[in-house]
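These notes concern the structure reproduced below.
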Amino acid sequence: MDVMQTQDVGECDFNFSEEEEQSQSTWGRLFPLGSSFVALDLTGDEYSFGRGETCDISFSTQQAKSHQCFQAYSKVHFKLTRKNTGTGVHVFLEDTSSNGTFVNGEKVGKGKKQVLNNNDEIALAMKKNKAYVFMDLEANEDANLPVELTEKYTLTRVLGRGACGEVRLAFSKGSCEKFACKIISKKKFSVGGKHQINLASQVMGEVKILKALKHPCIIGIEDVIDSDDTLYILLELVEGGELFDKVVSIEKYSEDTAKMLFFQMATAIKYLHDQGITHRDLKPENILLATDELETLIKVTDFGLSKFVDAGSMMKTFCGTPTYLAPEILVTAGSGAYTKAIDCWSLGVILFIMLSGYPPFSDERTDMDLPKQIMGGHYSFPNKYWKDVSETAIDLMKKMMVVDPKSRITFAEVLDHPWLKDDDMRVKANKLMYPNSDGMAPPAQLSVSKRKAPSEANSNDEPSTKRMSSTDTTTPPETPSP
């Protein structure tokens, strides 16, 4: 069973000069994905890797020997061979291990070979123990990247794609520190539904605001590189995966764990709202987990720039499964002016899924299509699925998923709701958010008056019993995740 976490990259001497970048003798590079591995320029035609002292690349450092997977490595774990064949020059990985060598999460198999392609990931002994990402210098796929980017970072594999663009894994030159690089074509920017070319100053102004954000549950922006037609945003990389995938794998969270994770989300979104920023695209794919543990720090990503993406494009992103969209967006087909209340609805849907394992609205219902369910607020909490969830938690979701945005609870009120007045939970969450603290909250939350719970005319609506699956969304994951 795979339980290994991807290790953080440590500092490494991997600073390439201009001559090295252009050297024809270096045909490939291995970038380290784990702290017990080091970067390597590939110049020869064959390399062996393993814990044996006779290997070309021996995992014999003290750091490698202290790694929990060290004993699972074979003396010769895998080999890389570069060959000139009838179809051109190819790089082959041969798995010579007992416990497996994985390429992009798939086991090669002892004695078998696989062609290695540019940006492939190599893992050892278990698929989560990622060792290297392979870069084929002869592929030259990044010839058109701006020099301002390539002189500071090396871009490797694609981590995901979404409405705002592509996300790739990036390594800082000199330190090998990892980042997620979001690549956004300016052709996607628009105002009033019409594409504009002269939005660079507006977008850069927005990015400057986003870069200034400082919150432990908000993905940090490390760097921004602006070219004529593309924006490159270097983001903090979080490697615990997406909340969406976690719910799929565990089916649902316990109420205590869901509360602790939700509290972090709510504080993060309130922080954004206090800065005048509406997320607009809250969904489990945009909630990232710092670790694979159930109780972990969360990071909200993919916010802010969505206001510059054409509304029609955003609607198409949710075509068929607008599960997390607020009713007011569907009513106006994405062309209206919305308040930050849309984030409250979306986070209410996320909480519903975390506690039950299925969405509140489903295209499986035969009596009502999905948009009508959302626009009418037709959801329910049947005892069969909700008997172990407290009435207080259900009350909070009802107040968040109110069809009329003017009557919807605010995030200040969410944080003041009785369900989140749990001192033990807050201490635990604050220790994750502020590890150097004693678990006491940062500045006290503003106490607010309470709203009356909206009446629910749909309490007898039968839900879909369909659990979350990896096909429940039409947008590719972004995370980078990672």
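The values are calculated or read from the model by the stated rules, or taken from the named source; none is laboratory data. This one's a predicted model, so the numbers in the text were calculated from it and none came from an experiment. Neighbour counts are summed over all protein chains in view; Cβ atoms, including those assigned to glycine, are modelled from backbone coordinates with ideal geometry. Calculation scope for accessible area: heavy atoms of the full protein, side chains included, ligands and nucleic acids excluded. Shrake-Rupley method; radii C 1.70, N 1.55, O 1.52, S 1.80 Å.
List of remarks:
- By a 1.4 Å probe calculation restricted to protein chains, Ser380 has an accessible surface near 10 Å², given to the nearest 10.
- Between Asp41 and Glu166, the contour length at 0.36 nm per residue exceeds the Cα-Cα span by 42.3 nm.
- Under a 5 Å amide H cut-off, with hydrogens placed 1.01 Å from N, Asp56 pairs with Ser48 among residues at least 5 apart or on other chains.
- Pairwise FRET efficiency - Tyr434 versus Lys187, Cβ, R0 = 35 Å, nearest 0.05: 0.30
- Only protein heavy atoms count here; under a 1.4 Å probe, Asp367 has an accessible surface of about 110 Å².
- Sorting Ile250, Ile219 by solvent-accessible area of protein heavy atoms yields Ile250, Ile219, largest first, with a 1.4 Å probe.
- Of the trypsin sites (Lys or Arg not before Pro) in the range 344-404, those whose Cβ has at most 16 other Cβ within 10 Å and which sit in DSSP loop: Arg365, Lys387
- Cross-linked pairs Lys127/Lys211; Lys211/Lys246; Lys208/Lys340; Lys65/Lys214; Lys252/Lys421; Lys214/Lys283: Cα-Cα separations exceed 30 Å for Lys127/Lys211; Lys65/Lys214.
- Table column - 3J(HN,Hα) (Hz), the range 174-180, Karplus curve with 6.51, -1.76, 1.60, x for Gly and Pro: x, 10, 6, 5, 8, 9, 9
- With a Förster radius of 25 Å applied to the beta-carbon distance between Glu148 and Tyr338, the computed FRET efficiency rounds to 0.10.
- Taken one residue at a time, the phi angles of the range 380-390 give Karplus couplings (6.51, -1.76, 1.60, θ = phi - 60°) of 8, 10, x, 4, 4, 9, 10, 5, 9, 9, 5 Hz. Gly and Pro are set to x.
- Around the amide H of Gly220, modelled in the peptide plane, lie the amide H atoms of Glu236, all under 5 Å away and 5 or more residues distant in sequence or on another chain.
- Exposure of His90 as accessible area (Å², to 10), given a probe of 1.4 Å and all protein chains: 50
- Over 26 Å (Cα to Cα) - which of Lys384/Lys406; Lys107/Lys431; Lys130/Lys187; Lys130/Lys270; Lys270/Lys398 fall in this group: Lys384/Lys406; Lys107/Lys431; Lys130/Lys187; Lys130/Lys270
- The phi-based Karplus calculation (6.51 cos²θ - 1.76 cosθ + 1.60; θ = phi - 60°) puts the 3J(HN,Hα) values of the range 391-397 at 5, 5, 5, 5, 4, 4, 5 Hz, whole numbers, x for Gly and Pro.
- Two-site FRET efficiency, Val115 against Ile250, from Cβ-Cβ distance with R₀ of 41 Å, rounded to 0.05: 0.70
- Of the GluC sites (Glu not before Pro) found in the range 270-303, the ones in coil according to DSSP and having at most 15 other Cβ atoms within 10 Å of their Cβ are Glu293, Glu295.
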